[in-house]
Structures are given as structure tokens and as C-alpha cells.
Amino acid sequence: MIRVVLPAHLRTLARVSGEVQLDVAGEPTFLSVVDALEARYPMLRGTIRDQVTHERRPFVRFFACQEDYSLEPPETPLPNAVVKGDEPFLIVGAMAGG
Amino acid sequence: MSTVRLLVGTRKGAFVLTSDGKRETWNVSGPHFAGWELYHLKGSPADANRLYASQSSGWFGQLVQRSNDGGKTWEPVGNKFAYDGTPGTHKWYDGTQHPWEFKRVWHLEPSLNDPDTVYAGIEDAALFRTSDGGQNWEELPALRHTKGDLWQPGAGGMCLHTIVLDPQHKDRMYVAISAAGAFRSDDAGKTFRPINKGLKSPHELPDPDAEVGHCVHRIAIHKSRPDVLFMQKHWDVMRSDNGGDMWTEVSGNLPTDFGFPIDVHAHEPDTIYVVPIKSDSEHYPPDGKLRVYRSKSGGNEWEALTRGLPQSDCYVNVLRDAMAVDSLDKCGVYFGTTGGQVYGSSDSGENWKPIVRDLPAVLSVEAQTLP
């Protein structure tokens, strides 16, 4: 079970509070987690990554285990602690705007 | 008694303002979609409780929201705006070619007779349509094939901000694009042609015969006389009496002919409203006086409407989609400012009152008159 923390605006949009828990088949990667997230919450499509290019939106960042994984290839496996559910996968709206 | 509902889009959410036909007291609902930019909201002429909203954010991109109950509840619908085929390129600021890139939806124009059909004007400029209530959007690509490679963004981006559906000729529509110009389709969007003859932009576009490249800010018509178009251009207020085939300037005695919104009285096809702004580099009213100008003669002769509006130290702007009229008698006129005020007049502009004073910067105002 993968624990995902969404930024506040996306929690409101998805109508969830607190963490989201996802079952991800196979070896979970950042790509497969976002795929699973969008499948369960279709209203999030386009908010985390572009719907046409599938590129992560510039001001959305991925964190786990106190590390920034935003620039890792999407197929990168998730850290073990996230796979085991000990740590959440954080999707964060970047600090931007001054 | 009738009800008036104002749909107000702001930099930080949407607000729904309602009043009875007297239009003296208003109920304020919102913010809806708090923290998001709401470029435009509009109701279906065929079903007043069917509303559409363009919701966007620099972080999380573009969403489209739909309401089936007049704005009490909303649901997100489709938000995939993929250009038709290989998008190609348009002209960039430095004159080179640049790929088309979707940025946001500026304007939503519901069909006049089908609540599930809506047109969307987007940046980078293109026209999209849904016929399933917003679930799926398809481009009408003929527009970008109308010299799109020559279109070049202005300072505000290359946005398709105006969509006017002709209520008498069912297949005719007009669209306008900042720094590209005005275009007309007579076959429901299968083909378009530029309609910019008579527009003059000597500083920005030295070629007087240029077919595209004029910076149109907004176009408005009266439903009883849709061949007559009124335009607020970057500079100049213009009029066409033949569906845009030829334009003539009607700026007349305006203190400045720069501005963004233009609208037409609900019952008087020759009564039009603009809000002059000092210049393209000083986006506020001349002399710090917020004045709506009204012409009852279809242009050229203008009178300042000031009663109830601030006449000193006012330096707000009124954006292109931030003016609307209701269809009561007397006609109500409304506009929102970048300072967060929404002003209303229940007597065709003679007297004004702030409905709300302290919203986030207002991006759009639409009025619905409900039975």
C-alpha cells in the first residue's frame, strides 16, 4: 500500500482529506503511482503532469524520505520505505511566486 | 420577480452574486475554487442553471468545472485541450517560429441552444468545442490554418478571448485573438477568414493592408442586429455594419480610445459602453477618475457616466471580459475591476453602486437574467 500526500488544492479537487492510499501492481515507480492516482481520481488528470506530453508540471515536485525525486526518470523505483508504507510519497506544490 | 445572477471570476476564486429584479441588495456566494484563477464563467442560454467555469493555476494547470444547479455545486469535467494533428508553429516575439503550447482557457461560450455544446478560446490561440457537456474537447483547426503561422503573441499572451455566436445566422461565429485580429466563420467553424479591413495599428503594424496582426481586445453585438459589430481594439473603438467585412472608427470624443471591455445595452442596439484606460503602458483610468462612457448613437458621440463611481485617486483597470448587462427593463450594467470591486447600475448606467468592494482582482463578469 503506497501512501500519497497531495497538496491542499488537489485534496480539495479530489475530495479527500489526509493521505491517499493506493495499491500499485508490480514494482512501484513514480510513474506507476501517478498512473494509479489518476485512475482512482480522474479529476487530477492534467494537474500533476501534462495530459499530452506526460511531463511533470514545472511547479509540482515529488518528495520521499526527505529527498527530492522530481528530476528522477519516471520509471525510477520508489524508495523501499515508501513501498513498505513506512514513509509517504509527497506531491508538493513548489514554493514559487515571491 | 426576476432574479439577476452575476458570475464573477477573480484571481483567487469565483463568486456568484444574486439579487432580485430591484437590484438593490445582493447575496454573495463564494469563493468557489478558492485560491485558483477563474478566467471566465458563463451560463448556458439554453439552460440557465448549466454553468461552465475555467479554473487554472500556475501550479496545477487548467480545469473546467460544470454546474447543473446555478453554481451551488460543481463538478470537474474534461480538461484535455490537445491541438489537432501536429500543432506546428506560430511567430514568436523575436520573429522566429515557435511551437503552439496550451497554456489556459480564457473564454467559454456556451451554445445558444444546446447546454452540452460549449466553445472554448484558449492560449496559445485556438478554438475548441465540446458537445458532451465538457467531457471531451476538440479543436476547430481551420482557425489556426488562417495564417496562424503569422500570429504573434502580445504582452498579454496569444489568447483567443472573444467568441460571439450569431443568433440569427446559425452557422456564423466571430472570434478575436490578441495581436492576431478578428475572424469570422460562416459554416460553424469549418472555415474561417480574417475580418480586419479598416483596422489601423500604425505603430504596432505598419502595413495598412495586413490581414492579421491587429490587437483586438473585445467584440460585442446586439442579438437583434448581429451584423453590426462593436470592437474595442488596443487603441480605437471600431464599428462594422456588415459582419466585419469593413470597420470604421467610432472613438469620437472619448478621452482615450484605449481600453478592454465593450458591451451593448440589452434593449437599445445603438447604446454601447466602454471604459477608457489611459494607455497601453498605463492601465488605469485617465486622471484617476473611473468613468464608463456610453454612446447612444452607436459610437462617435460619448457621454461620461460617473455618478457613484470614484472620481479621484482611482487607478484600477477593467479587463475585457469584466463587463456585462442584464436584460431587465431598465437594463442593468455591471463591471469588475482589478481592485476587486464589482459595480452595478440598475438604470442603464446613470447611477452606480459597488455590489462588493474587496474581492481579489476581477477577471470576468457575466450576467444572467432569470425568470
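Brief remarks follow.
- Cα convex hull, region A:1-51: 72 Å³ per residue, rounded to a whole number.
- Loop exposure criterion: trypsin sites (Lys or Arg not before Pro), DSSP state outside H, G, I, E and B, at most 14 other Cβ atoms within 10 Å. Applied to chain A, the longest stretch between such sites is A:16-83.
- Packing-based exposure ordering (other Cβ within 10 Å, fewest first) of B:222, B:161, B:98, B:203: B:203, B:98, B:222, B:161
- Relative contact order, percent, chain B [alpha-carbon distance under 8 Å, six or more residues apart]: 12 percent
- Entries of B:72/B:223; B:289/B:353; B:12/B:289 with Cα pairs more than 19 Å apart: B:72/B:223; B:12/B:289
- Counting only residues at least eight positions apart within a chain, or on another chain, the lysines with an alpha carbon under 22 Å from that of residue B:91 are B:103, B:147, B:197, B:200, B:233.
- Taking other C-beta atoms within 10 angstrom as a stand-in for reagent exposure, B:217, A:9 fall in the order A:9, B:217, fewest first.
- Taken residue by residue and averaged, Cβ atoms of other chains lying within 10 Å of the Cβ of B:95-103 number 1.
- Rg in Å to one decimal, and Dmax rounded to a whole Å, for region B:247-371 via C-alpha atoms: 13.5, 43
- Here's how it looks for residue A:29: its modeled amide H is under 5 Å from those of A:78, which are all 5 or more places away or on a different chain.
- Region B:17-124 shape via C-alpha gyration tensor axes, a/c threshold 1.5: prolate
- Radius of gyration, Dmax [region B:65-128; alpha carbons; angstrom]: 15.2, 47
- Least to most buried among B:96, B:89 (fewest other Cβ within 10 Å first): B:96, B:89
- Partner chain coverage, peptide B:56-65 - average Cβ within 10 angstrom: 6
- Enclosing the Cα atoms of chain B in their convex hull gives a volume equal to 123 cubic angstrom per residue.
- 3J(HN,Hα) couplings calculated from phi for region B:339-353 with the Karplus curve 6.51 cos²θ - 1.76 cosθ + 1.60 (θ = phi - 60°) are, in sequence order, x, x, 8, 10, 9, x, 10, 9, 9, 6, x, 5, 10, 10, 9 Hz; Gly and Pro show x.
- In the protein assembly as shown, the C-alpha radius of gyration followed by the widest Cα-Cα span (Dmax) gives 23.1, 74 angstrom.
- Stretching residue B:1 away from residue B:187 to a fully extended chain increases their span by 63.0 nm, per 0.36 nm per residue minus the current alpha-carbon distance.
- Net lengthening on full extension, residue B:279/residue B:112 (0.36 nm per residue, minus Cα-Cα): 56.6 nm
- Averaged over A:59-67, number of beta-carbon atoms from partner chains that fall within 10 Å: 1
- Measuring nothing but how far apart in sequence close Cα pairs (under 8 Å, 6+ apart) lie, relative to its length, region A:2-93 scores a relative contact order of 38 percent.
- Rounded to the nearest 20 debye, dipole of region A:2-93 from Cβ charges on Lys, Arg, Asp, Glu: 440 debye
- Distance between modelled label sites at residue B:73 and residue B:48, nm, 7 Å Cα→Cβ extension: 2.2 nm
- Cα-only Debye scattering, chain A: base-10 log of I(q)/I(0) at q = 0.10, 0.15, 0.17, 0.20 Å⁻¹: -0.23, -0.54, -0.71, -1.01
- Förster radius 35 Å - calculated FRET efficiency between residue A:65 and residue B:96 (Cβ-Cβ, nearest 0.05): 0.20
- Cross-link partners of residue B:42 among aspartates and glutamates (Cα-Cα below 19 Å; sequence separation of 8 or more within a chain): B:69, B:75, B:109, B:114, B:116, B:123, B:132, B:166, B:263, B:321, B:326, B:366
- Each residue of region B:89-106 was assigned a 3J(HN,Hα) from its phi angle through the Karplus curve 6.51 cos²θ - 1.76 cosθ + 1.60 (θ = phi - 60°); the sequence is 9, 10, 6, 9, 4, 8, x, 6, 8, 9, x, 5, 9, 5, 10, 6, 9, 8 Hz, with glycine and proline shown as x.
Every number in this text was worked out from the coordinates using simple rules, so none of it is lab data. Only a predicted model underlies this, so the values are computations on that prediction, with no experimental measurement involved. Cβ coordinates were reconstructed from backbone atoms using ideal geometry, including for glycine residues, and neighbour counts include every protein chain displayed.
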